[in-house]
Amino acid sequence: MSRPHVVIVGAGFAGYRAARTLARLTRNRADITLLNPTDYFLYLPLLPQVAAGILEARRVTVSLPGTLHGVRMVLGEADHVDLDGRTVHYSDPEGGIGTLTYDRLVLCVGSVNKLLPIPGVAEHAHGFRGLPEALYLRDHVTRQVELAATEDDPKACAARCTFVVVGAGYTGTEVAAQMQLLTDRLARRHPLCAGFRPRWILLDVAPRVLPELAERLSRTADRVLRARGVEVRMGTSVKEATHDGVLLTDGEFVASRTLVWCVGVRPDPLVEAVGQPLERGRLIVDPHLQVPGRPEVFCCGDAAAVPDLEKPGSFTPMTAQHAWRQGRVAGENVAASLGVGRRRRAYRHRDLGFAVDLGGIQAAANPFGVPLSGPAAGAVTRGYHLAALPGNRVRVAADWLLDAVLPRQGVQLGLVRSWSVPLDTASPELARVPGGPERAGGPEQAEEAVRAREAERDGEPPAAGRGDHPAPGPVKRTDPPDPAAE
């Protein structure tokens, strides 16, 4: 008798935890396949420290083959899920196509950058959801400060050293806090004309920083940011973005070459093509994380609308903490459906508190409801991250120690270009490459991409569709008038 086959799509917080839990419970009594575009799990909460040069990129990546024993990894991105045929169609990193059949399916495709219909944002802003975006931001910010140091025109110098972050949630607040410290260090090595100091502006339409947290934590973060010189503007956002700057909703035009988009996330477009009921783009599941009417299909993480049993009538928010816990429950319930392990259980959660790293020794945290700030919160925050990391703990701790005693390296690596990390993409974890495949941003475009690849494989020229976003081909390199445009 053949063993049941479980396919897990996505290796974020939910997918990684589900795979690890399921492998531990089944103990080779089921075939487990994990489909993911990269061979690592990305620990997103520490990504701002990668952009700031505190941690090396590989410190926040955990090898899937090295830590998920008993799980077969397949490199690729899911293009289409056929629930009736119990198959998942995917494309590999080199444009090849494949199909996986399953007895149980766990969808953990996560989320992508949330776009708003604001002119110029898709063309001139960059998100912060993947490792390529973090590496690009570090290079870009470093380049702007170095170029500003050679500018004779005070206006051009000020524009290069003005950085705008939209979104004062977790990501935006931490990016502004960490990167502000980085640019101050860079400016000390590269003195700016007329005594300029790098300027950081944090925007949000919400009435306060970190609106999802308790007001006391919000006040702590606001106080730390303002004390460092970050301009915190609540009730304000971007009306239009251009190459030369951003027009704010209050009518002010801010000359800048940097716009970081951290307004939030939206569920991965793949779930729209599944053909099941959605709640604001998320796939509706029952408390056991199963899709109603499809007992063989489970969904968890940012792509799932999971009933919040602690707040009847609502759904759990899209946070890493929920995704990590839901992944464990999903793994246990899949195992139970195969007759392995304990009985299935509903997803319930207890708030353990939150932590926001504000750079240096500063942080805001409320572990188990106890509000903390300053060095105490910083110690708790770093301790929490070390405990939550499923790998690389010693390397991360070593990088923190080295950063505390040695000067930070402020160099450009030039590995990621602006066109490689577009804001409007369903694959923020992958940098685009010339001539490489790109996943489209919605169900219709995904189907067009599959048909195009099939046609190309059969020797037919692919038809252009509205989902086509051609990667740059071989072109003659010329120096652009503004290196920020790279």
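Some notes on this structure:
- Among (1) in contact with a helix residue (DSSP H, G or I) (Cβ under 6 Å, 6 or more places away or on another chain); (2) more than 29 Å from ARG197 (Cβ to Cβ), the one test that PRO117 misses: (1)
- Looking only at the stretch 219-250, and only at residues there that are surrounded by 15 or more Cβ atoms within 10 Å (Cβ to Cβ) and small (Gly, Ala, Ser), the one that is farthest from the chain's Cα centre (by Cα): GLY245
- Considering the stretch 272-311, the residues that are touching a Gly at 6+ places or on another chain (Cβ under 7 Å) and in a helix (DSSP H, G or I) include one that is most open to solvent (accessible area, probe 1.4 Å), namely GLU272.
- Among the candidates LEU46, LEU22, LEU55, LEU115, residue that is open to solvent by less than 10 Å² (accessible area, probe 1.4 Å) and not in a helix (DSSP H, G or I): LEU55
- Where a residue in the stretch 39-65 is in contact (Cβ under 8 Å) with a residue 24 or more places away in the chain and its partner, wherever it lies, is of a type in the set (S, T, N, Q) and open to solvent by less than 10 Å² (accessible area, probe 1.4 Å), with Cβ under 8 Å and at least six apart: PRO48/GLN178; GLN49/GLN178; ALA51/GLN178; ALA52/GLN178; ILE54/GLN178; LEU55/GLN49; VAL60/GLN49
- If you check GLY264, GLY195, GLY251, GLY245 for being modelled with pLDDT under 95 and either more than 27 Å from ALA377 (Cβ to Cβ) or of a type in the set (D, E, K, R) (or both), only one passes: GLY195.
- Of the set (1) open to solvent by 10 Å² or more (accessible area, probe 1.4 Å); (2) within 23 Å of GLU212 (Cα to Cα); (3) of a type in the set (A, V, I, L, M, F, W, C); (4) free of Cβ contacts under 8 Å to residues at least 60 places away in the same chain, all apply to PHE253 but (2).
- Summed over the stretch 206-242, residues that are closer than 19 Å to VAL164 by Cβ and in contact with a Pro (Cβ under 6 Å, 6 or more places away or on another chain) total 2.
- Complete set of residues in the stretch 1-24 that are among the small types (Gly, Ala, Ser), touching a residue at least 40 places away in the same chain (Cβ under 8 Å) and within 17 Å of VAL340 (Cβ to Cβ): ALA18, ALA19, ALA23
- Residue in the stretch 118-136 that is nearest to GLY327 (Cα to Cα), counting only those that are open to solvent by 10 Å² or more (accessible area, probe 1.4 Å) and among the aliphatic types (A, V, I, L, M): LEU131
The values are calculated or read from the model by the stated rules, or taken from the named source; none is laboratory data. Keep in mind the model is a prediction, meaning the values are calculated, not measured. In this analysis, Cβ positions are derived from the backbone assuming ideal geometry, glycine residues included, and neighbour counts consider all displayed protein chains. The area values use the complete protein model at the heavy-atom level, side chains included, leaving out ligands, DNA and RNA. Shrake-Rupley method; radii C 1.70, N 1.55, O 1.52, S 1.80 Å.
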